[in-house]
Each structure stands twice: as structure tokens, then as C-alpha cells.
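The values are calculated or read from the model by the stated rules, or taken from the named source; none is laboratory data. No experiment lies behind these values; they were computed from the predicted model shown. Heads up, the Cβs are rebuilt from the backbone with ideal geometry, glycines too, and the neighbour counts pull from every protein chain shown. Each accessible area value is taken on the protein alone, full model and side chains, heavy atoms only, with ligands, DNA and RNA left out. Shrake-Rupley method; radii C 1.70, N 1.55, O 1.52, S 1.80 Å.
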Amino acid sequence: MENHYLRNRKLYIIIIAFIIVIGLLTRSKFLNTLIYSGVGDYLYALMIYFIVGFVFNKKDSRWILIYSVFICYLIELQQLYQADWIVNLRTNRFVALVLGRGFLMSDLFAYTIGTLTGYFLEKSFSKMGKST
């Protein structure tokens, strides 16, 4: 059984805020389309990992990883639903940032890599904390 890692919620808030700022910058019209699509989804998943870790700060890191991937995939899969009411809702910039606009298989890859990055960063934090 993996050791439980008690997450520092203050640190996680700072990390989440930093990821949001960087993520919003990737959505600016000054960056090219490649960075816009790939990095934004990666950062979104990384943020989801740290949000789930913040909310469930006593859960096992593997649980956080699985739950984060599940949330990201669920958000992407809901984009297959294209009823008029939700399509209109997604025209709102904030809603589009949270829910996305359309399903892309490549987003699942970015979400997987983003959540795995969160997992391995957290493991690095945990090891640094134990060595001091």
C-alpha cells in the first residue's frame, strides 16, 4: 500500500492559481494554435489533479490520479453531447474554458499526460518533504 501524503492546502492553492494564470496566458491570441490546443489541455489536467488533491488532501496519490483522469475524460466525453441548449451555453467564454466546445481524441492524451505530471510532481514533493 502506498504511503499517504498529507497535502499542504496553502501550497496547493498557490500551485492551482499559478497553473490557471499560465493556462489563461496560453489562451491569448498572441500564441500560436499549436500551443493553444495542446498546452492548455495539459495544464487543465494538471490543475484538475491539484484541485482533486486539495479537496481530498488525505487520499492516496494513486486515487487522486485515477479520479483526476476520470474527471478529465468525463468532461471531454460530455462534449460529444451537442444539444442546442448546451451548445449555446458553451458560447460563454467561462463555460467554454471549463467544459470545452468539442470532443477531440488528442485532448484525452493531453489530459493523461497532465494528470501523470501532477502525480509525479506530487511524488517529488513528498520525497523532498521526507528528506528534510
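Could you check which residue among 81, 67, 12 shows the biggest mean-square fluctuation in a GNM of the chain with a 10 Å Cα cutoff?
Of 81, 67, 12, the Gaussian network model singles out 81 as fluctuating most.
If you filter region 85-120 for chymotrypsin sites (Phe, Trp or Tyr not before Pro), then keep DSSP loop positions with at most 15 other Cβ within 10 Å, what is left?
Taking region 85-120 and a limit of 15 other Cβ atoms within 10 Å, the loop chymotrypsin sites (Phe, Trp or Tyr not before Pro) found are 103.
How far, in degrees from 0 to 90, does helix 61-78 lean away from the longest principal axis of the Cα atoms of the chain, to the nearest 10?
Between helix and principal axis, roughly 0 degrees.
For the chain, give the percent of accessible area contributed by carbon and sulfur heavy atoms, probe 1.4 Å, rounded to a whole number.
C and S fraction of accessible area: 72 percent.
For the chain, report the convex hull volume of the alpha-carbon atoms normalised per residue, in Å³, without decimals.
Taking only Cα atoms, the chain has a hull volume of 115 Å³ per residue.
If you roll a 1.4 Å probe over the heavy atoms of the protein chains, what accessible area per residue do you get for region 61-117, in Å²?
For region 61-117, the solvent-accessible area averages 61 Å² per residue.
Does region 56-100 come out rounded, prolate or oblate, given a ≥ b ≥ c as the square roots of the eigenvalues of its C-alpha gyration tensor, rounded meaning a/c under 1.5 and, failing that, prolate meaning a/b above b/c?
It comes out prolate by the Cα gyration axes.
What does the charge dipole of the chain about its Cα centre add up to, to the nearest 20 debye, if the Cβ of each Lys and Arg holds +1 and the Cβ of each Asp and Glu holds -1?
Charge dipole of the chain: 480 debye, to the nearest 20.
Quick one: helix 105-131 against the long Cα principal axis of the chain, what's the angle to the nearest 10°, folded into 0 to 90?
It works out to around 20 degrees.
Hey, if you put +1 on the Cβ of every Lys and Arg and -1 on every Asp and Glu Cβ in the chain, which of 11, 87, 102 ends up farthest toward the positive end of that dipole?
11
With a cap of 14 neighbouring Cβ atoms within 10 Å, and only residues DSSP puts in a loop, list the trypsin sites (Lys or Arg not before Pro) found in region 49-131.
Of the trypsin sites (Lys or Arg not before Pro), the ones in loops of region 49-131 whose Cβ has at most 14 other Cβ atoms within 10 Å are 58, 101.
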